[in-house]
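The values are calculated or read from the model by the stated rules, or taken from the named source; none is laboratory data. Small disclaimer: the values here were computed from a predicted structure and weren't measured. Ideal geometry is used to build each Cβ from the backbone, glycine not excepted, and the neighbour counts take in all protein chains shown.
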Amino acid sequence: MSSEAAYSRKYLLKKGYDVLVEMEMKPGALEAIEENAVYHRTIEAAKGWASRGKFMWKYEDPAWNLGTQQNVDMFNPWIKSVKIIP
């Protein structure tokens with residue numbers, strides 16, 4: 001997941017990436033994610049962050065991207081709505 005649609009649009013040029021979606025999150029989602037997040041290139045983000053029930057924030061200029069890996073069950077309940085962006 002990315003904070004910038006323009007960043008994400010580049011993936012539509014790659015095989016296997018077919019649609020761009022926008023997710024509206026429920027109130028409190030960012031705070032809940034932050035409580036369970038590590039930051040890329042830190043000790044906490046060492047191998048195994050996902051298996052420890054964490055998300056990972058990674059800055060890839062100009063976007064902040066969120067890695068969930070197998071922790072979608074922690075992320076999905078915070079989704080309020082999803083729409084396809086043309």
query: Counting residues that are touching a Pro at 6+ places or on another chain (Cβ under 9 Å), touching a residue at least 40 places away in the same chain (Cβ under 8 Å) and basic (K, R), which strands (runs of 3 or more DSSP E) fully inside the chain reach at least 2?
result: none
- prompt: Do we have K26 as at pLDDT 95 or above, surrounded by 11 or more Cβ atoms within 10 Å (Cβ to Cβ) and basic (K, R) here?
  reply: yes
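Among the candidates A45, A63, A50, A37, single out the residue that is over 13 Å from the mean Cα position of the chain (by Cα) and surrounded by 14 or more Cβ atoms within 10 Å (Cβ to Cβ). So that I can check it myself, show each step before the final result.
Values: A63 fails: over 13 Å from the mean Cα position of the chain (by Cα); A50 fails: over 13 Å from the mean Cα position of the chain (by Cα); A37 fails: over 13 Å from the mean Cα position of the chain (by Cα).
When all the criteria are applied, what remains is A45.
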- prompt: Can we say K15 is exposed (fewer than 10 other Cβ atoms within 10 Å of the Cβ) and at pLDDT 95 or above?
  reply: yes
